[in-house]
1. Antiparallel DSSP bridges in the stretch A:1-160: what percent, to the nearest 5?
2. Which whole-number value in Å² is the accessible area per residue of the stretch B:221-364, probe 1.4 Å?
3. Taking the Cα atoms of the protein assembly as shown, report the difference between the largest and smallest coordinate on each principal axis, in whole Å and largest first.
4. Take the alpha carbon gyration tensor of chain B, find the square roots of its eigenvalues, order them as a ≥ b ≥ c, and report rounded if a/c is under 1.5; if not, report prolate when a/b exceeds b/c, else oblate.
5. Using a 1.4 Å probe, what is the accessible area per residue for the stretch A:114-190, in Å²?
6. Where only protein heavy atoms count, and the probe is 1.4 Å, what is the accessible area per residue for the stretch B:1-116 in Å²?
7. Would you mind calculating the gained length between B:Lys49 and B:Arg257 on full extension (0.36 nm times residue separation, minus the Cα-Cα distance), in nm to one decimal?
8. Report the trypsin sites (Lys or Arg not before Pro) located in the stretch B:44-132 that are in a DSSP loop and have at most 16 other Cβ atoms inside 10 Å of their Cβ, or state none.
Amino acid sequence: MIISGIGWISKGKYGCVKKAVCTDYTDIKSLHSKLQNESIFLYPVKNFGRFDMTSKMSCCAGALALHDAGVKYSEKHKQDIGIISTNTDGCLKSNLNYFRDYVQTGRKLARGNLFIYTLPSSPLAEASIHFGFQGPLLYIMFPQKHIPSLLQYAEGIISRKEASTILAMKVDEKKAVCFVLRREEDTSSK
Amino acid sequence: MHAPEAVVVACDLITPYGLGIDACWNGLLSGKTAINPLDRFDTDVFQTKKAATIAELKTGQSDSLVMQMLKPLLKKASAIIPKDALLILATTTGEIDILEKQVLNAKDNADESALGCLLSKVQCLSGIRSPGIIVSAACTSSSSAIAQASAMIRSKERDCVLVVACDIVSEFVFAGFSSLMALDKDTARPFDKNRSGLSLGEAAGFVLVMSKERAIQEERSIIGEIAGWGLTNDANHMTGPSRDGSGLALAMRKALRSADISEDTVGCIAAHGTGTVYNDAMEMKAFKSVFASGTLPTYSIKGGIGHTMGAAGLVETIVALRSLREKLVPPTVNLRIADDEAEGWVSTEPDSFDNPVTVSINAGFGGVNSALVLKKLDEQQL
């Protein structure tokens with residue numbers, strides 16, 4: 001198993017490890033625009049403005065990692081690529097946003113568009129829809145050593161041949177890192 | 001050397017039919033639904049006033065509703081759970097009633113509703129030494145967790161995994177599903193011609209998955225085998241399934257391949273069967289695509305206990321293992337007139353079946369799909 005690309009986003013900066021890219025951005029809107037203008041997003045992300053922040057970060061970090069790994073993707077030609085993620089608090093902030101909004105509006109009508117992000121796996125689902133990835137999709141919370149545990153878990157999925165390529169990310173609202181992992185024999189032809 | 005087989009050596013659950021597998025199985029066979037008027041919170045503004053809840057659970061207690069479900073189950077089982085097992089907790093919202101209280105009354109700390117806190121509590125209850133992990137994949141959470149547990153056993157990464165699943169009916173999820181217009185105003189009628197939505201339900205349970213070798217060594221009784229699994233994603237839409245059922249069909253094909261069996265070996269399908277127009281239609285397309293040679297006995301338990309979300313896959317696995325033992329397909333509760341597409345597949349009556357192999361499937365938000373191949377082992381295989 002090898003890591004063929006890494007994308008990352010921190011406060012005010014984003015980049016790709018293999019391509020040694022490090023660029024400034026101001027906010028998520030500018031990050032989205034930059035990734036679009038630099039063709040790191042190979043096509044526009046539908047409904048990006050409606051995503052919760054973790055979903056936005058997931059899509060951006062995923063695109064950076066795939067760009068770093070040189071993996072092409074298409075919403076029309078779907079691929080058997082898996083996608084897994086982790087973080088420390090699931091979707092606690094999205095849960096609070098949704099339920100506070102519902103309570104503040106008189107407990108009469110919940111907003112469906114906030115409700116759909118009250119699953120820890122929703123950011124992954126948004127990313128998989130954009131990238132056209134049909135492999136396993138799992139949110140996994142590890143009690144400690146999040147990134148080593150995430151990589152080890154992804155390696156397990158690949159070695160068990162549940163997917164030949166995995167996008168593995170640790171994402172929250174402020175920072176993200178995403179790895180593209182592949183079986184070693186798959187890299188020679190790519 | 002052949003790969004280790006993943007077998008279920010213990011399981012238990014609590015559902016709206018009551019505590020234990022017998023209560024759930026007999027409830028389903030009775031054909032009576034456990035979906036009833038809900039008094040846990042005010043439902044006047046929602047699409048429906050009904051859900052399948054567990055009568056014994058009480059709000060306003062020191063324990064969350066999830067912990068009220070898990071405590072009796074895991075306390076009883078802790079003596080048979082090996083301390084070296086890996087714990088996998090599967091849920092979508094966990095102790096969401098803690099967050100509700102915080103927002104409504106500013107009483108509790110919302111951080112305590114975080115999934116990590118629940119994982120620690122479950123570890124404590126189970127007596128397992130290491131902290132374990134959480135797997136969440138919408139309504140395929142627990143079937144995905146069982147698939148991962150079985151995969152780890154087959155690859156020899158682990159020889160024993162405890163999968164625990166839970167989700168509750170809360171105002172939080174009820175209001176959300178209602179806003180998406182996903183609820184039937186009466187009770188869910190999976191695969192019915194006049195179905196119009198799902199009913200929410202709650203449940204918790206566990207399955208202890210072991211390598212067959214260790215199970216034999218420890219003289220455990222084997223309930224059934226998790227023979228294959230397949231996890232896929234539609235990559236299509238956040239709240240609606242792919243209309244052609246191709247993502248689910250792919251999951252089933254992967255599961256059959258993983259089990260190294262052909263379609264004609266399968267005796268029965270434990271469907272996801274939520275009762276929404278689109279889900280059930282999508283499933284029937286997937287079934288007809290994979291099992292092209294004819295109809296197969298198919299059932300959904302969601303007309304009985306509602307859609308138990310993250311717990312659904314685990315509950316359905318336990319019911320399917322019981323169904324394999326009894327060689328009996330439970331009726332699809334609340335079914336009146338089968339949809340044209342489901343005609344000949346689903347039934348209002350229990351039915352027998354011969355081939356001791358069931359494919360149990362789930363699908364969920366974001367387009368996730370899971371399929372498990374469950375087998376009854378005969379005496380010669382033990």
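The values are calculated or read from the model by the stated rules, or taken from the named source; none is laboratory data. This is a predicted model, so every value here is computed, not measured. Don't worry about glycine lacking a Cβ; one is built from the backbone with ideal geometry, like all the others, and counts go over all protein chains shown. These accessible areas exclude ligands, DNA and RNA; they are computed on the full protein's heavy atoms, side chains included. Shrake-Rupley method; radii C 1.70, N 1.55, O 1.52, S 1.80 Å.
1. Details: 8 of 12 bridges.
If we restrict to bridges inside the stretch A:1-160, about 65 percent are antiparallel.
2. On the way: 4650 Å² over 144 residues.
Here the per-residue accessible area is 32 Å².
3. Cα extents, longest axis first: 64, 62, 49 Å.
4. Numbers: a/c = 1.59, a/b = 1.06, b/c = 1.50.
Taking the square roots of the gyration eigenvalues as a ≥ b ≥ c, chain B is oblate.
5. Values: 2630 Å² over 77 residues.
For the stretch A:114-190, the per-residue accessible area is 34 Å².
6. Working: 4930 Å² over 116 residues.
Per residue, the stretch B:1-116 has 43 Å² of solvent-accessible surface.
7. On the way: separation 208, 0.36 × 208 = 74.88 nm, distance 4.29 nm.
Gain on extension, B:Lys49 to B:Arg257, equals 70.6 nm.
8. Values: sites: B:Lys49, B:Lys50, B:Lys58, B:Lys75, B:Lys76, B:Lys83, B:Lys101, B:Lys107, B:Lys121, B:Arg129; in loops: B:Lys49, B:Lys58, B:Lys83, B:Lys107, B:Arg129.
Those that pass, being in a loop and sparsely packed, are B:Lys49, B:Lys58, B:Lys83, B:Lys107, B:Arg129.
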